[in-house]
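Input: a single structure, listed below in structure tokens.
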Amino acid sequence: QVQLVESGGGLVQAGGSLRLSCAASGRTFSSYAMGWFRQAPGKEREFVAALNWNGDTTYYTDSVKGRFTISRDNAKNTIYLQMNSLLPEDTAIYYCAASAIPIATMTRRSYSWWGQGTQVTVSS
């Protein structure tokens, strides 16, 4: 079993930055692909970013490319999402997710464990 706890969300003005963190329990964290998803009010949960077990392969949805960076520190069982140049349309609850396979994927059903989410609000 894997438990995920997100932190770092908050209220920021457009153009600002936030860094989300996701702390994971479990001794096999370093073998999991990890991802970030988000869900805005009234919308489906959507993929944001993912990276494979060692962090050398990353994927991003088109709307965040060049603005967001996903990374991981396996020694700390933690992944991060650095979000720069934030836009009002980035407002959502952001969820961390872990996959039992080491290869990153953008497919929501590939992730077996989910955090409780952290709210990100970007004001215009």
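The values are calculated or read from the model by the stated rules, or taken from the named source; none is laboratory data. Here the structure is a predicted model, which means the values were calculated and not measured. Methodologically, a virtual Cβ is constructed for each residue, glycine included, from the backbone with ideal geometry; neighbour enumeration extends over all protein chains shown. For the accessible areas, the whole protein counts, side chains as well, though only heavy atoms, and no ligand, DNA or RNA atoms are used. Shrake-Rupley method; radii C 1.70, N 1.55, O 1.52, S 1.80 Å.
Show the residues, 5+ positions off or on another chain, whose built amide H is closer than 5 Å to the amide H of L86.
Amide H neighbours of L86, under 5 Å, 5+ apart: G15, G16.
For segment 1-61, state which GluC sites (Glu not before Pro) are in a DSSP loop and have at most 15 other beta carbons lying within 10 Å of their beta carbon.
Here the GluC sites (Glu not before Pro) that fit, given the DSSP loop and packing criteria, are E44.
Subtract the Cα-Cα distance of R19 and S31 from 0.36 nm times their separation in residues, and report this length gain in nm to one decimal.
Once the chain is fully extended between R19 and S31, it gains 2.0 nm.
From the phi angles alone, apply the Karplus equation (6.51, -1.76, 1.60; θ = phi - 60°) to segment 37-49 and give each ³J(HN,Hα) in whole Hz, x where the residue is Gly or Pro.
These are the phi-based 3J(HN,Hα) values: 10, 9, 9, 8, x, x, 10, 6, 5, 10, 5, 10, 7 Hz.
Just flag the trypsin sites (Lys or Arg not before Pro) in segment 57-99 sitting in loop per DSSP whose Cβ has no more than 14 other Cβ atoms within 10 Å.
Sites meeting the loop and neighbour criteria: K65, K76.
Counting only protein heavy atoms and a 1.4 Å probe, tell me what percentage of segment 28-124's accessible area is made up of carbon and sulfur.
49 percent
State, as an integer percentage, the relative contact order of segment 8-122 based on alpha-carbon contacts under 8 Å between residues 6 or more apart.
35 percent
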